[in-house]
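As structure tokens, the structure follows; a few thoughts come after it.
Values in this text are rule-based calculations from the coordinates and carry no lab data. None of the values given here were measured: they were computed from a predicted structure. Heads up, the Cβs are rebuilt from the backbone with ideal geometry, glycines too, and the neighbour counts pull from every protein chain shown.
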Amino acid sequence: MKKFVKATTLLLMCSLLLTACGNLQDSSLSSGGSDNGKSTVQTASSSDSSSYDVLMSNGKYKTSAISGITAADNTNQFNSRSFESGLLDLSKKEFSTNSYVFQEGQVLSSSTVTDWLGRKSEKNPNGLNPASNGSTSPTKRAPMYFQQMLEEDYLQKQDGKYKLAGISVGIAMNKIDYYQKKQYGATYNTTISREDQKSQGERVAKEVVKRLRKMNNVGNIPIIVGLYSVAPEDTLVGGTYFQYSVSKSGDIGSWKELDYKNQMLPTVNNETPISSSDSDAFANFKDNIQNYFPNISGVTAQAHYDGTKLKSMDITINTQFDGLAQVTSFTQFVQQSASKYLPSDANLDINIQTVANQQSVVTRTDGKFLSHVYNAD
């Protein structure tokens, strides 16, 4: 079992905090998880009605103890961001941004989740991955289905205190399970079908909800559970959630199918675009900015779809210039080009960077552009 903190976890934390204005409200805290006594808490009020206010304790952002714990390494760095942001989107289906405040998960401990992600055995009866059958054959071994877990807490103010009122749980299921027959040896893999992802994911989710219900301060509050398909190491996009359930109380609820897709633009390996019009729009945007400065070494995008509808784009622009005037001018031009060429109803995150440094960022949320050039003071 290995634990590592992804850089994308910090990016999600920053995106939550950057949407908050400086209006901090004090209260007493009585919530689930590791807070058993009273402490001073503040909510960083979001300036965007589609985002959650963030709960902080004594002026500090509280991180989850289970962040970054995985059953095995997967070198696809895009998975972590998609796993977290996707669960945040699912949470908004049940927990209104006007009625709940957000906090990273405080109920589950690292030791508990480490045990759950392990194989079931005499030493680890709580393991939710199947016991080893002794085989090392890719087609005969019992694979590790359950790869990672994520908890998000949603609180409401009751009698002057913030109390745990809802939990969202992400269950990441492997599409390909990578393994070694001996330590430091060659890496092999077992392919897992969507049918097995679904059946094993539902089994894991049912047991997770059952165990959560027995924990302090959880009781019968609503629990959202999302099943996430982990993208293989050799893909250039993150994975997606493929179904979710809402447990109002007691057992798991009925499952709702999702049709989320991610695609790299420009497409690779002769892949057919999900939307030819979106692909053409991105190509026009890319050509326009590459003609503006000669020192552009690459422009790529992750396009995120719900069915065939484009929800958002994460765009990376790699440059080879460092001058502040150049970066500032180019950032302004990128924003103008995005407004002109890219689909108007999609949210955008555009990162402009060199190999070594982040230079600037341009975002569009609900039609509103924001930009920032780093080290421009």
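When the Cα atoms of the range 251-318 are aligned to their principal axes, the ranges along those axes come out at 58, 22, 20 Å in descending order. For the chain, the relative contact order comes to 11 percent (Cα pairs under 8 Å, sequence separation of at least 6). Each of Thr235, Tyr260, Ala281 was placed along the dipole of the range 225-283 (beta-carbon charges, centred on the mean Cα), and the one lying farthest toward the positive end is Tyr260. Ordering of 102-108, 61-67 by packing is 102-108, 61-67, highest average first (other Cβ atoms within 10 Å, averaged per residue).
For the pairs Lys62/Lys368; Lys123/Lys182; Lys175/Lys206; Lys123/Lys198; Lys93/Lys198, note any where the Cα-Cα span goes beyond 24 Å.
Details: Lys62/Lys368 29 Å; Lys123/Lys182 21 Å; Lys175/Lys206 20 Å; Lys123/Lys198 27 Å; Lys93/Lys198 21 Å.
Distance filter (> 24 Å) returns Lys62/Lys368; Lys123/Lys198.
Straight-distance candidates among the aspartates and glutamates for linking to Lys248, with alpha-carbon spacing under 13 Å and chain neighbours fewer than 8 residues away dropped: Glu94. Considering only Val218, Gly59, Thr319, the residue lying farthest towards the positive end of the dipole of the chain is Val218, judged by Cα position with unit charges set on Cβ.
For the chain, the dipole from Cβ point charges (+1 on Lys and Arg, -1 on Asp and Glu) about the Cα centre works out to 1240 debye, to the nearest 20.
Let me check I've understood the local charge: for Phe333, count other residues with C-beta under 14 angstrom from its C-beta, Lys and Arg +1, Asp and Glu -1. What total comes out?
Details: positive: Lys286, Lys340; negative: Asp287.
Summing Lys and Arg as +1 and Asp and Glu as -1 gives +1.
Placing +1 on the Cβ of every Lys and Arg and -1 on the Cβ of every Asp and Glu, with no other charges, gives the range 102-179 a dipole of roughly 300 debye about its Cα centre. Specify which residue in the list Leu108, Gln158, Leu87 is farthest towards the positive end of the charge dipole of the chain, using unit charges on the beta carbon of Lys, Arg (+1) and Asp, Glu (-1), about the Cα centre. With unit charges placed on the Cβ atoms, the residue in question is Leu108.
Peptides 134-140, 203-209 ranked from most to least packed, by the mean per-residue count of other Cβ atoms within 10 Å: 203-209, 134-140.
Here is the P(r) of the range 58-97: all C-alpha pair distances, binned every 5 Å from 0, give 5, 16, 18, 22, 20, 12, 5, 0 in whole percents.
Of the chymotrypsin sites (Phe, Trp or Tyr not before Pro) in the range 156-191, the ones in a loop by DSSP (not H, G, I, E or B) with at most 14 other beta carbons within 10 Å are Tyr184.
Can you tell me the dipole magnitude for the range 226-360 around its Cα centre, using point charges on the Cβ only (Lys, Arg +1; Asp, Glu -1), in Debye to the nearest 20?
Working: 7 positive and 14 negative charges, 55 e Å.
The calculated dipole for the range 226-360 is roughly 260 debye.
Of interest is the spacing of the C-alpha centroids, which for the range 194-217 and the range 104-159 amounts to 10 Å. Both the radius of gyration and Dmax for the range 314-367 are 11.3, 33 Å, in that order, over alpha-carbon atoms. Our helix-only sum for the chain, with -39,500 (n - 2.57) per DSSP H run of n ≥ 4 divided by its residues, gives a mean residue ellipticity at 222 nm of -7500 deg cm²/dmol.
Largest GNM mean-square fluctuation across Asn284, Asn351, Asn269, computed for the chain with C-alpha springs under 10 Å, falls on Asn269. In the range 101-208, the inverse of the mean reciprocal separation of distinct Cα atoms equals 15.8 Å; this is its Kirkwood hydrodynamic radius.
Within the chain, helices built from complete DSSP H runs that reach 15 Å or longer along their own axis (Cα positions) and carry a mean Kyte-Doolittle hydropathy of 0.0 or higher are 7-18.
What ranking do 254-260, 297-303, 142-148 get when scored by the average of other Cβ atoms within 10 Å per residue, highest first?
Working: 254-260: 13.1, 297-303: 18.4, 142-148: 22.0.
Ranking the peptides 254-260, 297-303, 142-148 by packing returns 142-148, 297-303, 254-260.
How would the chain be classified by its alpha-carbon gyration tensor: rounded, prolate or oblate, with rounded meaning a/c under 1.5 and the a/b versus b/c comparison settling the rest? Since a/c reaches 1.5 but b/c is at least a/b, the shape of the chain is classed as oblate.
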